[in-house]
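Here the structure is laid out as structure tokens; the discussion comes afterwards.
The values are calculated or read from the model by the stated rules, or taken from the named source; none is laboratory data. Keep in mind that this is a model prediction, so the values were computed, not measured. FYI the Cβ positions are ideal-geometry reconstructions off the backbone, even for glycines, and counts take in every protein chain you see.
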Amino acid sequence: MIRALSLLVCCLPVLLSGCAKQDSLEHIKASGKLQVVSRNSPTTFFIDRGDPTGFEFTLAGLFAAELGVELVMTPAFSLADIFVTLDRGEADFAAAGLSLTGEREALYPHSSPYYQLRPQVVYRAGSYRPRQLKDVEDMSIVVLAGSSHSRSLEALKQGGFATLSWREVDEVDSMELLELVNTGDAELAVIDSNEFEVQQSLYPRLKVAFDLGSSQDMVWYLPPETDNASLLAALNEFLNRLAADGTLEKMKEEHFGHSQTVSRIGSHTFNRNMRKTLPQYQQLIEQVALEYQIEWPLLAAIAYQESYWDPQAESPTGVRGMMMLTVPTAKEVGVIDRLDPGQSLRGGARYLKQIKRRLPDDIYEPDRTYMALAAYNIGRGHLEDARLLTDRQGGDPHLWSDVMPRLPQLQNSKYYQTVRHGYARGQEAATYVQNIRHYRGILEWQDIARSKSLPPIETVDYLPSVIVGLKLQAL
Ligand code: GLU
């Protein structure tokens with residue numbers, strides 16, 4: 001009886017509204033929650049030291065914030081599951097680095113594109129490099145099951161490449177595909193260009209053989225048979241606005257931008273050192289990072305950029321030690337023996353914190369860290385000059401993405417004569433920061449990749465409220 005009553009109460013609003021389904025935007029606002037299905041991968045959504053992050057998470061989070069609701073992002077365990085979730089109406093939309101394909105478009109409403117990506121065929125350097133489709137016909141290829149790439153291969157097979165064959169891997173993260181190519185279990189993988197860029201640092205031997213067709217649009221998909229019209233209009237207005245005002249570009253820079261700067265050789269050497277040298281100092285670095293409240297991958301990345309983790313390092317200009325401190329800097333931060341790795345790391349950490357504290361208050365993270373690193377490399381005066389040039393040229397001196405391209409101008413007399421501190425090796429400072437970001441990314445990925453083999457985690461215990469409800473067995 002009670003059950004029947006509660007059923008009636010539940011159905012009452014539906015009955016009153018003549019059985020019409022509720023408009024999904026209204027439902028989101030009324031429930032205070034935006035339910036988004038995604039997938040767990042470095043380009044979409046992942047947990048970084050306990051906090052959820054990733055391009056899709058950040059973008060969907062901005063949208064949720066504009067609506068004034070909480071974002072609940074749930075990772076699916078296969079691409080097919082993402083669409084099953086939509087079919088069941090269990091998410092308001094899917095944000096998972098999904099390409100727009102004819103087949104999906106016929107079944108699911110979708111947003112305007114927010115990104116263009118090239119599907120790429122990846123191989124291992126040193127093995128046979130195919131240059132075009134007809135070269136891959138007898139090769140072993142892996143793709144993510146249910147991906148746009150498996151559809152493209154199917155279409156090519158029908159279209160004349162009859163002996164084309166491939167294996168579908170039931171995962172959501174293309175890192176699994178790269179792993180197979182890296183170990184020689186497959187010769188080729190087809191993955192999206194941004195995923196390759198971000199993951200390549202972990203697999204420096206892998207390279208792009210060629211692009212598979214032209215670029216594809218990335219879109220958010222909405223559930224079928226739902227009253228989505230106003231949600232879709234809001235999403236499109238949001239995405240188009242962020243594209244027009246440059247926010248999307250900045251987010252791409254932030255999430256994917258640091259991957260291109262370090263050469264393949266640089267990545268290779270880094271990976272070797274990470275295995276051979278870092279273990280000797282990792283505990284010390286983590287300890288110092290904790291003392292100074294810096295993330296350890298950042299401190300480790302600076303130390304690598306400075307000295308390749310060599311406590312005896314020395315430059316012709318007299319800077320020495322793991323953090324390559326000058327005599328005056330060492331004095332300022334209380335370092336007596338520059339060759340002692342613990343003292344050097346502490347001195348460097350203290351110096352970085354000092355610089356960061358002195359930056360203007362209205363420079364926010366993550367730009368604040370990048371600017372502090374640039375100042376650590378060329379000095380605060382020169383950084384201020386580059387910020388001044390940025391301002392003069394109509395850029396925003398609070399943003400690293402605007403200041404970075406102005407740093408090299410400090411080497412050009414046309415510019416450096418107009419600023420207070422004159423010439424500086426600005427290009428070097430820009431590269432310095434980008435390298436550190438890149439190395440830090442690799443170290444963070446190592447951490448995350450390691451934690452993947454852990455047993456399922458009860459995420460509710462440690463995640464912030466935005467993410468409660470997440471089922472993270474894949475991590
Ligand atoms: N963009 C692909 C898709 O929509 C997924 C990512 C990949 O396979 O690299 O299916």
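Is one or more of the residues making up segment 138-148 away from the ligand (no atom under 16 Å from the Cβ), within 30 Å of the chain's Cα centre (by Cα) and not in a strand (DSSP E or B)? Yes, some residue in segment 138-148 is away from the ligand (no atom under 16 Å from the Cβ), within 30 Å of the chain's Cα centre (by Cα) and not in a strand (DSSP E or B). Farther than 19 Å from ASN228 by Cβ and either among the aliphatic types (A, V, I, L, M) or in contact (Cβ under 8 Å) with a residue 60 or more places away in the chain (or both): is that true of ASP87 in this structure? No; evaluated as a whole, the condition is false for this residue.
Do we have THR53 as away from the ligand (no atom under 14 Å from the Cβ), β-branched (Val, Ile, Thr) and either exposed (fewer than 15 other Cβ atoms within 10 Å of the Cβ) or without any contact (Cβ under 8 Å) to a residue 12 or more places away in the chain (or both) here? The answer is yes for THR53.
Yes/no per residue for (1) more than 10 Å from the ligand (Cβ to nearest atom); (2) over 29 Å from the mean Cα position of the chain (by Cα); (3) not charged (D, E, K, R):
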residue	(1), (2), (3)
ASP135	yes, yes, no
LEU153	yes, no, yes
ARG167	yes, no, no
LEU180	yes, no, yes
VAL190	no, no, yes
GLU195	no, no, no
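Could you please let me know if VAL172 is within 27 Å of GLU103 (Cα to Cα), assigned to a strand (DSSP E or B) and within 16 Å of the ligand (Cβ to nearest atom)? So VAL172 fails the test. Would a scan of segment 156-165 turn up a residue that is surrounded by 21 or more Cβ atoms within 10 Å (Cβ to Cβ), within 16 Å of the ligand (Cβ to nearest atom) and part of a helix (DSSP H, G or I)? The answer is no, given that none of the residues of segment 156-165 is surrounded by 21 or more Cβ atoms within 10 Å (Cβ to Cβ), within 16 Å of the ligand (Cβ to nearest atom) and part of a helix (DSSP H, G or I).
Has segment 124-133 got at least one residue that is crowded, with 22+ Cβ neighbours inside 10 Å and more than 14 Å from the ligand (Cβ to nearest atom)? No, every residue in segment 124-133 fails to be crowded, with 22+ Cβ neighbours inside 10 Å and more than 14 Å from the ligand (Cβ to nearest atom). Criterion applied to ARG368, ARG387 was being at pLDDT 95 or above, within 28 Å of ARG406 (Cα to Cα), in contact with a Pro (Cβ under 6 Å, 6 or more places away or on another chain) and surrounded by 15 or more Cβ atoms within 10 Å (Cβ to Cβ), and the one residue passing it is ARG387.
For SER112, the criteria (1) surrounded by fewer than 21 Cβ atoms within 10 Å (Cβ to Cβ); (2) closer than 29 Å to LEU298 by Cβ; (3) touching a residue at least 60 places away in the same chain (Cβ under 8 Å); (4) not charged (D, E, K, R) hold in every case but one, which is (2).
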